[in-house]
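**Q** Quick one: this structure, given as structure tokens, is what I'll be asking you about.
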Protein chains: 4
Amino acid sequence: MKYFQCDYVEGCHPKILQKLIESNLEQTPGYGTDKYSEAARKKIQEACGNPEAEVHFLVGGTQTNLTVIASILRPWQGVLSAETGHINCHETGAIEAAGHKVLALPSTDGTITGEQVHRYCQEHFESEIKEHTVQPGMVYISHPTENGTLYTKAQLAELKKACEEYHLPLFIDGARLGYGLTSPGNGLTLKDIAQLCDIFYIGGTKCGAMFGEAVVIPNSGLVKDFRYMIKQRGGMLAKGRLLGIQFDTLFTDRLYFEICEKAVKQALALREAFTEKGIPLYGESRTNQQFIILNGEQMKKLDEKYAYEVWGPSGDGRTIVRFCTSWATRDEDVESLIRDIHEL
Amino acid sequence: MKYFQCDYVEGCHPKILQKLIESNLEQTPGYGTDKYSEAARKKIQEACGNPEAEVHFLVGGTQTNLTVIASILRPWQGVLSAETGHINCHETGAIEAAGHKVLALPSTDGTITGEQVHRYCQEHFESEIKEHTVQPGMVYISHPTENGTLYTKAQLAELKKACEEYHLPLFIDGARLGYGLTSPGNGLTLKDIAQLCDIFYIGGTKCGAMFGEAVVIPNSGLVKDFRYMIKQRGGMLAKGRLLGIQFDTLFTDRLYFEICEKAVKQALALREAFTEKGIPLYGESRTNQQFIILNGEQMKKLDEKYAYEVWGPSGDGRTIVRFCTSWATRDEDVESLIRDIHEL
Amino acid sequence: MKYFQCDYVEGCHPKILQKLIESNLEQTPGYGTDKYSEAARKKIQEACGNPEAEVHFLVGGTQTNLTVIASILRPWQGVLSAETGHINCHETGAIEAAGHKVLALPSTDGTITGEQVHRYCQEHFESEIKEHTVQPGMVYISHPTENGTLYTKAQLAELKKACEEYHLPLFIDGARLGYGLTSPGNGLTLKDIAQLCDIFYIGGTKCGAMFGEAVVIPNSGLVKDFRYMIKQRGGMLAKGRLLGIQFDTLFTDRLYFEICEKAVKQALALREAFTEKGIPLYGESRTNQQFIILNGEQMKKLDEKYAYEVWGPSGDGRTIVRFCTSWATRDEDVESLIRDIHEL
Amino acid sequence: MKYFQCDYVEGCHPKILQKLIESNLEQTPGYGTDKYSEAARKKIQEACGNPEAEVHFLVGGTQTNLTVIASILRPWQGVLSAETGHINCHETGAIEAAGHKVLALPSTDGTITGEQVHRYCQEHFESEIKEHTVQPGMVYISHPTENGTLYTKAQLAELKKACEEYHLPLFIDGARLGYGLTSPGNGLTLKDIAQLCDIFYIGGTKCGAMFGEAVVIPNSGLVKDFRYMIKQRGGMLAKGRLLGIQFDTLFTDRLYFEICEKAVKQALALREAFTEKGIPLYGESRTNQQFIILNGEQMKKLDEKYAYEVWGPSGDGRTIVRFCTSWATRDEDVESLIRDIHEL
């Protein structure tokens, strides 16, 4: 069976493993104060074009989202998000468990607009009974989105403008950031990201690391005492160097970008194969996730050799499914799948 | 100016005031352990046809909702509610602040159905990734709803059945219960309510009391240690007898029902006047809240003498407004308003 | 039976009742936006010598403590308090339920010192592992304390200085403030209080009102959006005027001070009687609560006619008990008790 | 510099690293549903003598403690713990952030007794105002304790008995369990642990793994839906197999026990050296942590070559310090330190 159902079915990039082997018996202090974490922070600051940015390492995505959001909001505030946002759908209510409502905005493709944020806030702050409703306190987006779509630079700038109008920090969930930044459809650099939002994270788990997410706070005044919060919510790894080593490796010689770019190319090859075959796409992803609409017969055929994820019913009897590639996907598996698509 | 904008613009029913005056210098123990609270509990148990029911008194509606819900749910569970439910819209995220997501179900008239609950739960519990989403843990409805609509006995029984299938306690917010039970459109007795749900409250604040809500738990095993929870969430009144006295009075000689019935009749007279005049209603309320669609000219005229609540735009340039009557509304004010409706 | 066990066994001062009767059928807008609340706010601002102070009305003490504290602290912060503090002992973990640790400081008489605060903070902020421990984020004291003791002006100023050194807001729980301000042992005016702390409340429940606590925020920038928080935690009374009327009355013609002063005098008379009789006091209260050490025989005698509160064992076989007077305590009951003390 | 300051300064045991290398490019499903996690669960069940025990893997200790405790307690309950317990001192208020008070019991050596639990609960449940205080809802101990001490089988059985009397689940934090089970002072087997408590975890981070803690629930009914809770609190590792591989390796051929036993022997050799030299111990640890009382001169000497942890002042001008060994400590470093102790 060849796995295309998600982007975390393997371990980590061999260069990371090599570094873990080399450093294994070395002794370092804990909790992210080691030299590897320090080196990784430096490289990330450089890649972001901001030597003053704060960089923190956490273990996983849900943990990072809840820690960031709970460290910013006041108790009576909520976070604006696309209704399809990961925090709204797939984190078992982690944000609510931290005390905050996710204020869901309608979205068909996974993105939200500055106009939506503006309208929501305007209506809230002009309401005579605003104190009876949750105050919008920050904005959460993901890039790429859960649907694999991307924000353009103009869209992100418009969002940022709306956020500034209402003093809302803008937070970007970059669980798959590498696959977004290396998409041919992308118009944003890492430096743009670091300039156009207030806090974001660079996903490691899905982009070559064993695990780990690097939170970047361009304006280091935003979250005073963030390390207390990481510790309290269980995200402070005792052997913090494990995170440092991984991000140090990923941000050496552009490894992070290279390995993600390869995955995106593979995904686009799959996409082309489906399109050539006349099999419809669901949405417009040009990243490592491809959403396809299959009929029962096609699924049965593919099931023999491939694992993919069932996303939901298409509404006309067919099924939306997801194929993912990753830094680890082998070209031979992609080629095999393309051949089998043509046979469908 | 005559106020019709809500049902809590006056103090309390004179009979309650009389009792407060008479008992004022009497000495009683605190926290609801006094004889008045005890008497009130007995009368409510009797009215519910269940001498074993647990009865607790709290001060206000938001407090009651959050205390009840947080005492029932486990941390990973959420509460199913109509998207228009008070807990979802008008409590500043009190449920989320207690750690729980409100799982909003679509509703056009304020009610939800057993079928909706069944489908939501079925989908959840059959999902392979259910642990990544919030588990439905209870169901919240209001009767009458925020739109003034009512559940029929069959609808409530169907909801109860769906709840039982998935072991979800059913909670009824009865902030305006009196106006529901005395509506000509109502098919439910207080005893039915006590049989068809697991926990509910009898609203005092909007139905004749100065303040106060009486929580009834028909099956007293449902929430062990509920008094701890009332205290912790700030709902345990030191001079608990104030609540006891109010509910004791309201449940003596059916006062609660009489004064609510009067208000409903007044509301229906207003409704008839609008209908006769050809002014459209918004929705189908037969309780003390009437939702009307007015144009700008009509509003301007009525604004001269009457206060009512703006509910929102109707979508066609007109405005949905709400007129409320209460136990305290004077017949002469209703008559005056009816005359002025006819003049519009 | 004559009740001396606490200061909330009666209803409210007759002047308040009178005002409630007079205004009962008047119509006012809700949630504290009415003219009575406005008038009460003005009078309290004047009494505090600060026309810019923010004033908010809540229903009860636990609710007020949790709402104030949770509105100030960030998630990783705790509140410094005497280990005997009400928030640490008698609120069912309400502060923890809001997410915050109570950082208990040793205290034998209910007070804490600036030196204690300074030392705690110094040790915390100098620690190399400070992020593994709760950050002190504010200081809570009560005046009078739970033991009936009082802070001197110098002690309070010293506390304030330590708070300022570490940027900790100082919060005074004034559940019994009236009994403190009118004690012969008191050296603080209401204006001093308003200058020497960042947020405090003037207790109503135990000092003449049916219920209600008035939160005063001298520097109105301290808690932005406090009304959202009141609503979210269930403390925003629909018929807010009930609170306004009570505090308006209490702060008219110094009623609040007069009625509390009377109670303190009665308590001191009891104290004198016990002392004359050679029965030892527990601690040094010169407010309306008197803590006395009784032996079994004495208790048995007094039990025949008086209710008082058992505070705990004295350690030598005797029992510490509490006698409270209040605005409502009758002179004849005090005289009767004094006679019976002399008979012991 | 040779590090003795804690037991997490290296990576992981070479056998684990080897397994990670071998499996790195293998594809497995996520979130702990892979074959390695399954195999590890089986081996742990076997080692616990309970094939029905539930086993879950989390990443770190604070995360595990907060997830376990918050999944068991109801909102009005707290957790009994030694005042020196990790949850009370070194987790930045993680338990309080989850809504629960840590009910601290006095302890001089890190342990608490069944008698203490019994007395606390008896006093609570007999109190007339129990609802105004936090209800004890479970008991937390660590084995070994933070002081390196151990419970005897009799002590643990007595604790368990007190817990059963009040229906309190007993939770053992086993962050250093391996070092406890292999101490010459230990009288408990892993099977005993699994029989004498309701939930515990086997620490990996400090005992040979890169990271990871294995929660064992002997009676699998205790925490329904624990996986939801792990996900919600951010502890569900996407590549769950990383945890499975580590525990599978540790529980193959008793590796876990062997490597911990070695560390304990090294620690006892250090202890013997200090004792022989007449340098006093602090407390009675016979596990991998040794607490020693040094004077300034001794510290200065040792500082030249060794890192150890300063624990606090001894009260007489000297300093309590901690030396830790671990699975990774090299015999040559221990020998060097012993020589230098003799030179002091």
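**Q** Going through region C:97-145 one residue at a time, which ones are under 22 Å from A:Tyr31 (Cβ atoms), more than 10 Å from every other protein chain (Cβ to nearest Cβ) and acidic (Asp, Glu)?
**A** Of everything in region C:97-145, those that are under 22 Å from A:Tyr31 (Cβ atoms), more than 10 Å from every other protein chain (Cβ to nearest Cβ) and acidic (Asp, Glu) turn out to be C:Glu123, C:Glu126.
**Q** Within region B:218-241, track down each residue that is more than 7 Å from every other protein chain (Cβ to nearest Cβ) and either at pLDDT below 95 or crowded, with 24+ Cβ neighbours inside 10 Å (or both). Step through it out loud before you land on a result.
**A** Step one: list which residues in region B:218-241 are more than 7 Å from every other protein chain (Cβ to nearest Cβ), which gives B:218-224, B:226, B:230, B:236, B:240-241.
Correct list: B:Asn219, B:Ser220, B:Gly221, B:Leu222, B:Val223, B:Lys224, B:Ile230, B:Met236, B:Arg241.
**Q** Looking at region A:248-265, can you tell me whether even one residue there is touching a strand residue (DSSP E or B) at 6+ places or on another chain (Cβ under 9 Å), of a type in the set (A, V, I, L, M) and either over 30 Å from A:Gly30 (Cβ atoms) or modelled with pLDDT under 95 (or both)? Give the derivation first.
**A** Of all residues in region A:248-265, those touching a strand residue (DSSP E or B) at 6+ places or on another chain (Cβ under 9 Å) come to A:250-251, A:256, A:263.
Narrowing the set further to residues that are of a type in the set (A, V, I, L, M) leaves A:250, A:263.
When the remaining residues are screened for being either over 30 Å from A:Gly30 (Cβ atoms) or modelled with pLDDT under 95 (or both), the result is A:263.
Looking for residues that are touching a strand residue (DSSP E or B) at 6+ places or on another chain (Cβ under 9 Å), of a type in the set (A, V, I, L, M) and either over 30 Å from A:Gly30 (Cβ atoms) or modelled with pLDDT under 95 (or both), one finds at least one in region A:248-265, hence yes.
**Q** Which members of region D:302-331 meet the condition of being at negative phi and more than 27 Å from the chain's Cα centre (by Cα)? Don't jump to the end; show me each part of the working.
**A** Going residue by residue through region D:302-331, those that are at negative phi are D:302-311, D:313-314, D:316, D:318-331.
D:Leu302, D:Asp303, D:Glu304, D:Lys305, D:Asp316, D:Arg318 - these are the residues of region D:302-331 that are at negative phi and more than 27 Å from the chain's Cα centre (by Cα).
**Q** Provide a single number: the residues in region A:179-192 that are touching a Phe, Trp or Tyr at 6+ places or on another chain (Cβ under 6 Å) and not hydroxyl-bearing (Ser, Thr, Tyr).
**A** Let us first name the residues in region A:179-192 that are touching a Phe, Trp or Tyr at 6+ places or on another chain (Cβ under 6 Å), namely A:182.
Narrowing the set further to residues that are not hydroxyl-bearing (Ser, Thr, Tyr) leaves none.
Summing the residues that are touching a Phe, Trp or Tyr at 6+ places or on another chain (Cβ under 6 Å) and not hydroxyl-bearing (Ser, Thr, Tyr) in region A:179-192 gives 0.
**Q** Does D:Glu54 meet the test of being under 20 Å from D:Ile193 (Cα atoms) and in the same structural domain as D:Ala104 (by TED's automatic domain parsing)? Let's see the steps before the verdict.
**A** Working: under 20 Å from D:Ile193 (Cα atoms): yes; in the same structural domain as D:Ala104 (by TED's automatic domain parsing): yes.
Criteria met by D:Glu54.
**Q** Give me the residue from region A:1-51 that is among the β-branched types (Val, Ile, Thr), within 13 Å of chain D (Cβ to nearest Cβ) and in contact with a helix residue (DSSP H, G or I) (Cβ under 8 Å, 6 or more places away or on another chain) and, out of that set, surrounded by the most Cβ atoms within 10 Å (Cβ to Cβ). It would help to see each step written out before you state the result.
**A** Pass one, region A:1-51, residues among the β-branched types (Val, Ile, Thr): A:9, A:16, A:21, A:28, A:33, A:44.
Pick out the ones that are also within 13 Å of chain D (Cβ to nearest Cβ) and you get A:9, A:16, A:21, A:28, A:33.
So of that shortlist, the ones also in contact with a helix residue (DSSP H, G or I) (Cβ under 8 Å, 6 or more places away or on another chain) come out as A:16, A:21, A:28.
Details: A:Ile16: 24, A:Ile21: 15, A:Thr28: 21.
Looking at residues that are among the β-branched types (Val, Ile, Thr), within 13 Å of chain D (Cβ to nearest Cβ) and in contact with a helix residue (DSSP H, G or I) (Cβ under 8 Å, 6 or more places away or on another chain), I get A:Ile16.
**Q** Also: With respect to C:Thr64, is the statement that it is modelled with pLDDT of 95 or more, touching a strand residue (DSSP E or B) at 6+ places or on another chain (Cβ under 6 Å) and at the interface with chain B (Cβ under 10 Å from one of its Cβ atoms) true? If you could, list the steps in order and put the result at the bottom.
**A** Working: modelled with pLDDT of 95 or more: yes; touching a strand residue (DSSP E or B) at 6+ places or on another chain (Cβ under 6 Å): yes; at the interface with chain B (Cβ under 10 Å from one of its Cβ atoms): yes.
The answer is yes for C:Thr64.
**Q** Anything in region A:57-78 that is among the small types (Gly, Ala, Ser), in a helix (DSSP H, G or I) and within 16 Å of the chain's Cα centre (by Cα)? List them, or say none.
**A** Filtering region A:57-78 down to residues among the small types (Gly, Ala, Ser) leaves A:60-61, A:70-71, A:78.
Still in the list and also in a helix (DSSP H, G or I): A:61, A:70-71.
Across region A:57-78, the qualifying residue is only A:Gly61.
**Q** Among the residues in region D:35-56, are any in a helix (DSSP H, G or I) and of a type in the set (Asp, Glu)?
**A** Start the filter on region D:35-56 by keeping residues that are in a helix (DSSP H, G or I), which leaves D:35-48.
Filter again for of a type in the set (Asp, Glu), leaving D:38, D:46.
So far as region D:35-56 goes, yes, one or more of its residues are in a helix (DSSP H, G or I) and of a type in the set (Asp, Glu).
**Q** From C:Ile72, C:Ile95, which residue is among the hydrophobic types (A, V, I, L, M, F, W, C), in the same structural domain as C:Glu165 (by TED's automatic domain parsing) and out of contact with any helix residue (DSSP H, G or I) (no Cβ under 9 Å at 6 or more places or on another chain)?
**A** Working: C:Ile95 fails: out of contact with any helix residue (DSSP H, G or I) (no Cβ under 9 Å at 6 or more places or on another chain).
Every option except C:Ile72 fails the conditions.
**Q** The conditions are (1) more than 28 Å from D:Lys101 (Cβ to Cβ); (2) within 10 Å of another protein chain (Cβ to nearest Cβ); (3) in contact with a strand residue (DSSP E or B) (Cβ under 6 Å, 6 or more places away or on another chain); (4) not hydrophobic (A, V, I, L, M, F, W, C), and C:Glu54 fails exactly one of them. Which is it?
**A** (2)
**Q** OK, next. Can you tell which of C:Gly296, C:Gly221, C:Gly283 is among the small types (Gly, Ala, Ser) and assigned by TED's automatic domain parsing to the domain that holds C:Asn24?
**A** Numbers: C:Gly296 fails: assigned by TED's automatic domain parsing to the domain that holds C:Asn24; C:Gly283 fails: assigned by TED's automatic domain parsing to the domain that holds C:Asn24.
It is C:Gly221.
**Q** (1) within 11 Å of chain B (Cβ to nearest Cβ); (2) more than 26 Å from B:Gly99 (Cβ to Cβ): which one isn't true of C:Asp253, the others all being true?
**A** It fails just one condition, (1).
**Q** Cβ-Cβ distance below 8 Å, separation of 6 or more or different chains: which pairs start in region D:206-225 with a residue that is over 30 Å from B:Phe125 (Cβ atoms) and end on one that is of a type in the set (Ser, Thr, Tyr)?
**A** Pairs that qualify, where the first residue is over 30 Å from B:Phe125 (Cβ atoms) and the partner is of a type in the set (Ser, Thr, Tyr), are D:Lys206/D:Tyr8; D:Lys206/D:Tyr179; D:Lys206/D:Ser326; D:Cys207/D:Tyr179; D:Cys207/D:Tyr256; D:Cys207/D:Ser326; D:Gly208/D:Tyr256; D:Phe211/D:Thr205.
**Q** Would you mind stating whether A:Ile95 is in contact with a strand residue (DSSP E or B) (Cβ under 7 Å, 6 or more places away or on another chain), in a loop (DSSP other than H, G, I, E, B) and not hydroxyl-bearing (Ser, Thr, Tyr)? Don't jump to the end; show me each part of the working.
**A** Numbers: in contact with a strand residue (DSSP E or B) (Cβ under 7 Å, 6 or more places away or on another chain): yes; in a loop (DSSP other than H, G, I, E, B): no; not hydroxyl-bearing (Ser, Thr, Tyr): yes.
In short, no.
**Q** Let me ask something additional. Is it fair to say A:Gly114 is more than 16 Å from the chain's Cα centre (by Cα) and in contact (Cβ under 8 Å) with a residue 12 or more places away in the chain?
**A** Values: more than 16 Å from the chain's Cα centre (by Cα): yes; in contact (Cβ under 8 Å) with a residue 12 or more places away in the chain: yes.
For A:Gly114, the condition - more than 16 Å from the chain's Cα centre (by Cα) and in contact (Cβ under 8 Å) with a residue 12 or more places away in the chain - is met.
**Q** Taking A:Ser81 as the residue in question, decide whether it is among the small types (Gly, Ala, Ser), at pLDDT 95 or above and part of a loop (DSSP other than H, G, I, E, B).
**A** Values: among the small types (Gly, Ala, Ser): yes; at pLDDT 95 or above: yes; part of a loop (DSSP other than H, G, I, E, B): no.
Taking the combined requirement at face value, the residue does not satisfy it.
**Q** Looking only at residues that are without any contact (Cβ under 8 Å) to a residue 60 or more places away in the chain and surrounded by fewer than 23 Cβ atoms within 10 Å (Cβ to Cβ) in region C:137-162, which one is nearest to C:Phe323 (Cα to Cα)?
**A** Among those that are without any contact (Cβ under 8 Å) to a residue 60 or more places away in the chain and surrounded by fewer than 23 Cβ atoms within 10 Å (Cβ to Cβ), it is C:Thr152.
**Q** Then there's this: Would a scan of region C:163-172 turn up a residue that is closer than 26 Å to C:Cys324 by Cβ and either acidic (Asp, Glu) or surrounded by 24 or more Cβ atoms within 10 Å (Cβ to Cβ) (or both)? Break it down into steps so the answer makes sense when it comes.
**A** Keep residues of region C:163-172 that are closer than 26 Å to C:Cys324 by Cβ, which gives C:171-172.
Subsequent filtering for residues that are either acidic (Asp, Glu) or surrounded by 24 or more Cβ atoms within 10 Å (Cβ to Cβ) (or both) retains C:171-172.
There is at least one residue in region C:163-172 that is closer than 26 Å to C:Cys324 by Cβ and either acidic (Asp, Glu) or surrounded by 24 or more Cβ atoms within 10 Å (Cβ to Cβ) (or both).
**Q** Failed condition for D:Gly185, given (1) within 18 Å of the chain's Cα centre (by Cα); (2) at pLDDT 95 or above, with all others met?
**A** (2)
**Q** Limited to region B:52-69, what total is found for residues that are over 27 Å from D:Met229 (Cβ atoms), in contact with a helix residue (DSSP H, G or I) (Cβ under 6 Å, 6 or more places away or on another chain) and among the aliphatic types (A, V, I, L, M)?
**A** Looking only at that region, the number is 3.
The values are calculated or read from the model by the stated rules, or taken from the named source; none is laboratory data. Bear in mind the structure is a predicted one, so any value in this text is a computation, not a measurement. Cβ coordinates were reconstructed from backbone atoms using ideal geometry, including for glycine residues, and neighbour counts include every protein chain displayed.
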